[in-house]
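One structure is given below, encoded as structure tokens.
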Ligand SMILES: Nc1ncnc2c1ncn2[C@@H]1O[C@H](COP(=O)(O)OP(=O)(O)O)[C@@H](O)[C@H]1O
Ligand SMILES: [Mg+2]
């Protein structure tokens, strides 16, 4: 039964990774930017989640507010940080992104204090017995439900709406998309909004599972999400999700079986190195 | 005059691709733009769509200057492009490519335009749900044409229709062009294949290194072997 328990724990963690890393893939797919500062938005989502829940008592409202606010801030990041340097080589945007990320940690420290915040009455702490001796918190179940619902909704929208089709057309050939009247600018804003809102959701959920949000909450996810999108095959949405879940599961097993030799957070990179040796294009990457 | 271009200059950053280019087309007519590789034909068409940067001149559609309008406005006014190299969206299905073609259109126009495209190219209809990237070259060209027709354009810009296609497919595409012209569309046709272009064109303009060097009717161009030899590389 331990195997199964670890597997389920891994899926929970992998769902979180998926919510974070998907945003990176969306940004990379459209603009070829490695958006490290994405993890700063994840942290911000956590802060908003805790603060709004503590003020209003409504976790659902907190989730909603976090998505909207962080989504809009993500659009602003595009507008003010990336758009002015889009015509420069990609590493310039990468450097800007790293700078933004480091600055954000300090800003959070100043604004929200160095010690972190917690939910006063942490919601969704009840447990359900999945099978004898193995329990999941409501919060952990919520993580999986939210990941499935949100990603399915996005998949449906991208396949079945004109905006979704326009977005996919823009990813493959922005100039041609523009020649058919698609407003590339709007596609980019939408892309950043969705990517950032997903990161916010992940932030709220992580803050819930740990009952803590602190300025450095994004530092491990920032590089782990990079490993995940490379692992999945840069730009591949399906690859990102597969890699996220795989990493979650591998970490769950690895912590138990390899914990003495390899730090949990180093596993991602060991896994990355092994996969890239066999498949340099990543799990589901092309070519 | 449906389209009248006066003194068009266009290019990429500091690179000038087209200089002081003037021409016009009216409804139900085909203007062929001929010229060697790199002469500036594609840049001209893309500048007309508002994608390549216009640096000088005026683009008059039904008498009013559209130079400042974005592509979506130009499409709403009745322009559409069949770009060089087809540039269909390979990851999208045939149907989705057509949806992009009608992106700025009302739902009713989109539905009617899609039906129209399938009517012109029944082979696309059989492949609606298929990824466009899996189509043959000829089918991709049909899709590129169909995609441009979805918005029900009055002015069609067509770039290298025959490039890399089998003769039978080329004929099929040109039949559709002829039909479109007879329905009153104005067409600007870029071609390397002079023979095909002259067969369908009413007037011809020849570009060389970004400059207009010859203008006349298709009949004159066909007769004047010096034109074809000098500018088009065929005897
Ligand atoms: N994206 C681009 N960036 C810079 N220069 C370009 C670009 N596309 C075309 N050019 C240049 O513009 C000129 C005209 O090219 P083009 O319009 O493609 O000619 P044609 O279609 O007649 O073959 C050429 O000198 C070409 O090198
Ligand atoms: Mg060309």
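The values are calculated or read from the model by the stated rules, or taken from the named source; none is laboratory data. Quantities reported herein were computed from a predicted structural model and do not represent experimental measurements. Here the Cβ is made from the backbone with ideal geometry for all residues, glycine too, and neighbour counts use every protein chain on show.
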**Request:** Please work out if residue B:165 is farther than 15 Å from residue B:31 by Cα and within 16 Å of ligand 2 (Cβ to nearest atom).
**Result:** yes
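Can you report the number of residues in the range B:34-51 which are within 12 Å of chain A (Cβ to nearest Cβ) and within 11 Å of ligand 2 (Cβ to nearest atom)?
Residues of the range B:34-51 within 12 Å of chain A (Cβ to nearest Cβ): B:42, B:45-51.
Right, trim to within 11 Å of ligand 2 (Cβ to nearest atom) and you get B:42, B:45-46.
Matching residues across the range B:34-51 total 3.
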**Asked** Considering only residues of the range B:125-136 that are out of contact with any helix residue (DSSP H, G or I) (no Cβ under 6 Å at 6 or more places or on another chain) and in a helix (DSSP H, G or I), which is nearest to the other protein chains (Cβ to nearest Cβ)?
**Response** B:133
**Number of the exception - residue B:28 against (1) surrounded by fewer than 24 Cβ atoms within 10 Å (Cβ to Cβ); (2) within 16 Å of ligand 2 (Cβ to nearest atom)** = (2)
**Asked** What number goes with the only condition from (1) more than 14 Å from residue A:179 (Cβ to Cβ); (2) out of contact with any helix residue (DSSP H, G or I) (no Cβ under 7 Å at 6 or more places or on another chain); (3) away from ligand 1 (no atom under 16 Å from the Cβ) that residue B:55 does not pass?
**Response** (3)
**Among (1) part of a helix (DSSP H, G or I); (2) within 30 Å of residue B:89 (Cα to Cα), the one test that residue A:285 misses** = (1)
**Asked** residue B:110 versus (1) within 9 Å of chain A (Cβ to nearest Cβ); (2) crowded, with 24+ Cβ neighbours inside 10 Å: which is the lone unmet condition?
**Response** (2)
**Request:** Just name the residue that is nearest to the other protein chains (Cβ to nearest Cβ) out of those in the range A:202-217 that are surrounded by fewer than 24 Cβ atoms within 10 Å (Cβ to Cβ) and part of a helix (DSSP H, G or I).
**Result:** A:209
**Message:** Go through (1) crowded, with 16+ Cβ neighbours inside 10 Å; (2) away from ligand 2 (no atom under 16 Å from the Cβ) for residue B:73 and report which single condition fails.
**Reply:** (1)
**Complete:** If you go through B:117, B:80, B:71, B:36, the only one that is within 14 Å of the chain's Cα centre (by Cα) and under 27 Å from residue B:164 (Cβ atoms) is B:80
**Complete:** Just one listed residue, out of B:147, B:181, B:154, is in contact (Cβ under 8 Å) with a residue 24 or more places away in the chain, within 13 Å of chain A (Cβ to nearest Cβ) and away from ligand 2 (no atom under 16 Å from the Cβ), and it is B:147
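So, in the range B:75-100, exactly how many residues are over 18 Å from residue A:169 (Cα atoms) and facing chain A (nearest Cβ under 8 Å)? So that I can check it myself, show each step before the final result.
Let us first name the residues in the range B:75-100 that are over 18 Å from residue A:169 (Cα atoms), namely B:76-79.
In the following step, the residues that additionally are facing chain A (nearest Cβ under 8 Å) were identified as B:76.
Summing the residues that are over 18 Å from residue A:169 (Cα atoms) and facing chain A (nearest Cβ under 8 Å) in the range B:75-100 gives 1.
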**Item:** Residue among B:204, B:190 that alone is within 16 Å of ligand 1 (Cβ to nearest atom) and closer than 26 Å to residue B:72 by Cα
**Value:** B:190
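Is one or more of the residues making up the range B:116-124 within 12 Å of chain A (Cβ to nearest Cβ) and either within 16 Å of ligand 2 (Cβ to nearest atom) or not in a loop (DSSP other than H, G, I, E, B) (or both)? First the steps, then the outcome.
Narrowing the range B:116-124 to residues within 12 Å of chain A (Cβ to nearest Cβ): none.
Scanning the range B:116-124 turns up no residue that is within 12 Å of chain A (Cβ to nearest Cβ) and either within 16 Å of ligand 2 (Cβ to nearest atom) or not in a loop (DSSP other than H, G, I, E, B) (or both).
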**Prompt:** Of all helices (runs of 4 or more DSSP H) completely enclosed by the range A:100-182, which ones contain at least 2 residues that are within 14 Å of chain B (Cβ to nearest Cβ) and buried (at least 17 other Cβ atoms within 10 Å of the Cβ)?
**Reply:** A:162-172, A:174-179
**Prompt:** Among the residues of the range B:126-180, which ones are within 16 Å of ligand 1 (Cβ to nearest atom) and surrounded by fewer than 22 Cβ atoms within 10 Å (Cβ to Cβ)?
**Reply:** B:160, B:162, B:163, B:164
**Asked** How many residues does the range B:6-19 contain that are within 15 Å of ligand 1 (Cβ to nearest atom) and away from every other protein chain (no Cβ under 14 Å)?
**Response** 9
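For the range A:49-57, state whether one or more residues are buried (at least 20 other Cβ atoms within 10 Å of the Cβ) and farther than 30 Å from residue A:250 by Cα. Working first, answer last.
Residues of the range A:49-57 that are buried (at least 20 other Cβ atoms within 10 Å of the Cβ), as a first pass: A:49-50, A:52-53.
With farther than 30 Å from residue A:250 by Cα added as a condition, the list becomes A:52-53.
Yes, the conditions are met somewhere in the range A:49-57.
If I filter the range B:31-48 for residues that are part of a helix (DSSP H, G or I), within 16 Å of ligand 1 (Cβ to nearest atom), surrounded by fewer than 23 Cβ atoms within 10 Å (Cβ to Cβ) and in the same structural domain as residue B:215 (by TED's automatic domain parsing), do I get at least one hit?
Taking the range B:31-48 as the starting set, the residues that turn out to be part of a helix (DSSP H, G or I) are B:41-48.
When the remaining residues are screened for being within 16 Å of ligand 1 (Cβ to nearest atom), the result is B:41-48.
Narrowing the set further to residues that are surrounded by fewer than 23 Cβ atoms within 10 Å (Cβ to Cβ) leaves B:42.
If we keep only those that are in the same structural domain as residue B:215 (by TED's automatic domain parsing) as well, we get B:42.
Checking the range B:31-48: at least one residue is part of a helix (DSSP H, G or I), within 16 Å of ligand 1 (Cβ to nearest atom), surrounded by fewer than 23 Cβ atoms within 10 Å (Cβ to Cβ) and in the same structural domain as residue B:215 (by TED's automatic domain parsing).
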